[in-house]
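I have placed the structure first, in the form of structure tokens, so that the comments after it can refer back to it.
The values are calculated or read from the model by the stated rules, or taken from the named source; none is laboratory data. Values in this document were obtained by computation on a predicted structure and should not be read as measured data. Please note: Cβ atoms are built from the backbone with ideal geometry, for glycine as well, and neighbour counts cover all protein chains shown. Surface areas here come from the heavy atoms of the whole protein model, side chains and all, with no ligands, DNA or RNA. Shrake-Rupley method; radii C 1.70, N 1.55, O 1.52, S 1.80 Å.
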Amino acid sequence: MPESRSAILQQIRAALGRGPLSDAAAAALDARRPAHPRIAVDDDDLVARFVTRFESRSGTVARVSGVDAIPAAVDAYRQAHGLPPRAAVARPLAGLAWPAGFIHHPGPAGQDEQMSVTPCLAGIAEIGSLILASGPDSPTTLNFVPDHHLIVLPAGRIVRHFEDAWTLLRALPGGLPRATNIISGPSRTGDVELTIQLGAHGPRSVHVLLVADADRATP
């Protein structure tokens, strides 16, 4: 049994006036825990599965050849959607060669911001979701305030299962972030006459820039 779980159980037992949980009793409890089924995902299928699952929830994906191609991909998206040449761009991406006349700032994003560009910690092939960690270099407002959220995902940061992403999160040099966002596509609601509406509580569009990258995330 993990030390943290054991400590919590011991505190509960102490509050109830009971003695420490014996090793035999702890082993019996662990044996009764149901196994969590995991979907089998082959290494060769991680990217394809992530894209299929993410696009099934109205997200969009564009493949780019490398990090240097990100500014051009962002500008192509901007022009296709008729957006002004401005965005809130997280600091890890601010040093790229952005097009002339393109205005960007590191955030936080205000209500007049129409587009943001952020990195992410990982993509999860099993469920087709993205996990983003907040911090001074990537404010959470960039994830929810603008109508258009562009997320940079190196292909090597796509992990197999949900638990693999949490392993990466716990291994961050600064420890666990104050906030972690799991994004599976544009915000939506069916509250109005059971009709799905996008952008109810966040972006109307979530667009992944999938960067070709041979490096594999190691949970």
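Computed quantities for the displayed model
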item: Distance between modelled label sites at R178 and L9, nm, 7 Å Cα→Cβ extension; result: 3.5 nm
item: Farthest toward positive dipole pole in the range 5-144 [+1 Lys/Arg, -1 Asp/Glu at C-beta], among I127, Q79, A90; result: I127
item: By average C-beta atoms within 10 angstrom, highest first, the peptides 203-213, 8-18, 105-115; result: 203-213, 105-115, 8-18
item: Accessible area (Å², 1.4 Å probe, nearest 10) - D147; result: 60 Å²
item: Difference of contour (0.36 nm per residue) and Cα-Cα distance, D213 to L29; result: 61.9 nm
item: Net charge dipole size for the range 44-211 [Lys, Arg +1 and Asp, Glu -1 on Cβ; Debye, nearest 20]; result: 160 debye
item: Farthest positive-ward along the range 44-211 dipole, Cα basis, beta-carbon charges - from Q111, V67, V47; result: V67
